[in-house]
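The values are calculated or read from the model by the stated rules, or taken from the named source; none is laboratory data. Treat the numbers as computed from the prediction; the structure is a model and nothing was measured. Virtual Cβ from ideal backbone geometry, glycine too; neighbours counted across all protein chains shown. The area values use the complete protein model at the heavy-atom level, side chains included, leaving out ligands, DNA and RNA. Shrake-Rupley method; radii C 1.70, N 1.55, O 1.52, S 1.80 Å.
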Amino acid sequence: MARSGQQNFYKKLEQILTELPWYVEEFIDHKRRTLSPASLLNYCHDFKIFFNWLVSEGFHPGPIKEIPLSILEKLTTLQIEAFLGFLNYQLNNKSITVNRKLSALKSLFHYLQNIAETDELEPYINRNVMAKIEFNKVAEDPETTANRMEGKILKGDEYEEFRAFVAQGYGELVKDDKKKLNFYNFNRERDTAIISLFLGSGLRLSELVWLDIGDIDFNKYNARVIRKGNKEQYVYFSEQAMTDLKAYLNIRTDRYKVDKSNKALFISAPMGPKGTSRRLTARAIEKLVEKYAIAFGKPSLSVHKLRHSFATRYHAEINDVPKLRRQLGHASIQTTMIYTHIQNDDLKRAINRLNTLDKLKENDN
């Protein structure tokens, strides 16, 4: 997974860099050692949106590849705020998404002013407008985040119920629709393995997409993944996930007509005149989860909510935040601490006791 997944991202990265200014390629080269290829690709997509906006607003006649450094140096705070407004109101980006794109631009401009140097040892730009722009305030306390999340994840018996629904229940639901039933029966083992692996490991979508068969250790019940920051890590998964994974692998080669050279773990149905099977894409997996979630009666459930569901269950049963942090691959333990606030029964009992005491006092008065 590490090699084939990275190679695919690097191919896409090299392609998009041909469309961007030369100094962006320098910046990306500077970041290659510390960031994963997926993160670098996301940076480039964010930069492309920004440079296209500059052209559409008349800052440069185009193409975006030829936008000079002098334009970046002369941008005003009002103009950058207009771009952020474009992200918010035209592209309907949420505040946290706007912050991510702003962070990418801040990193680029910081590099151009404080790290990159000309042959004369001068910075590429002398004025950094991005340093004057503040992030959107989107922070909330962990309790609030947990409460907002709680109604959108699987809890209690829903873990097994949702997996069983994907494994069998959905077929009963669509049995009168021959097309849907045939499609479901063809992909049932694969889809069950995907859902089971999400629920049994807490993997990120990108981590699951780029798994190769060779990344799975069938004896140790773990998988080798590349996490954020381009870090390799072994992530454990449940016995149920292993059972479902083996059931899928038993039919993978014959049913999906997989070429021996294709080591991707999760495969799409054969497509095209030659009936070629390819690695299942992230978008296909998102749509797959969405389909089952809606049919299950929990439309808010998504790939990321499956990850949240795993984390919540792990904390409830094991209550070891450092181990959970490692399993999820969180850089900050504060992110992991959110799950300690979900289903906080002690807090709920305390509040209930307070309510009871208040009522007793009212009765005494």
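Here is the tail figure for the range 38-132: Cα pairs spaced more than 18 Å apart come to 47 percent of all pairs.
For the range 164-295, the dipole from Cβ point charges (+1 on Lys and Arg, -1 on Asp and Glu) about the Cα centre works out to 460 debye, to the nearest 20.
With 31 Å as the limit, the listed pairs K220/K274; K74/K228; K220/K260 have K220/K274; K74/K228 beyond it between alpha carbons.
Quotient of the Cα radius of gyration of the range 147-259 and 2.2 N^0.38 Å, N being its number of residues: 1.17.
Need the full-extension length gain, E57 to M271, defined as separation in residues times 0.36 nm minus the C-alpha distance. One decimal, nm. Full extension of this stretch gives 72.9 nm more. Taking amide H as placed 1.01 Å from N in the peptide plane, the amide H of K263 sits under 5 Å from none that are at least 5 places away or on another chain. Its relative contact order, with pairs defined as Cα atoms under 8 Å and 6+ residues apart, puts the range 97-256 at 15 percent. In terms of accessible area, using a 1.4 Å probe and ignoring ligands and nucleic acids, S56, S206 rank largest first as S56, S206. Between I213 and F183, the modelled labels are 2.7 nm apart [label points 7 Å from Cα along Cα→Cβ]. Within the shell defined by Cβ-Cβ distances under 11 Å, the residues around A193 carry a net charge of +2, with Lys and Arg each +1 and Asp and Glu each -1. As a calculated quantity, the FRET efficiency between L78 and E120 at R0 = 30 Å, using C-beta atoms, amounts to about 0.40. Fully extended, how many nm does the chain gain between R33 and V174 (0.36 nm per residue separation, minus their Cα-Cα distance)? So the extension gain works out to 45.9 nm. Just so you know, the averaged projected area of the alpha carbon convex hull for the range 222-302 sits at 7.5 nm².
The alpha carbon convex hull volume per residue for the range 1-76 rounds to 87 Å³.
For the range 37-136, the share of accessible area belonging to carbon and sulfur comes to 50 percent (1.4 Å probe, ligands and nucleic acids excluded).
Here K257 and Y10 are evaluated by their C-beta separation; at R0 = 30 Å the FRET efficiency comes out at 0.60.
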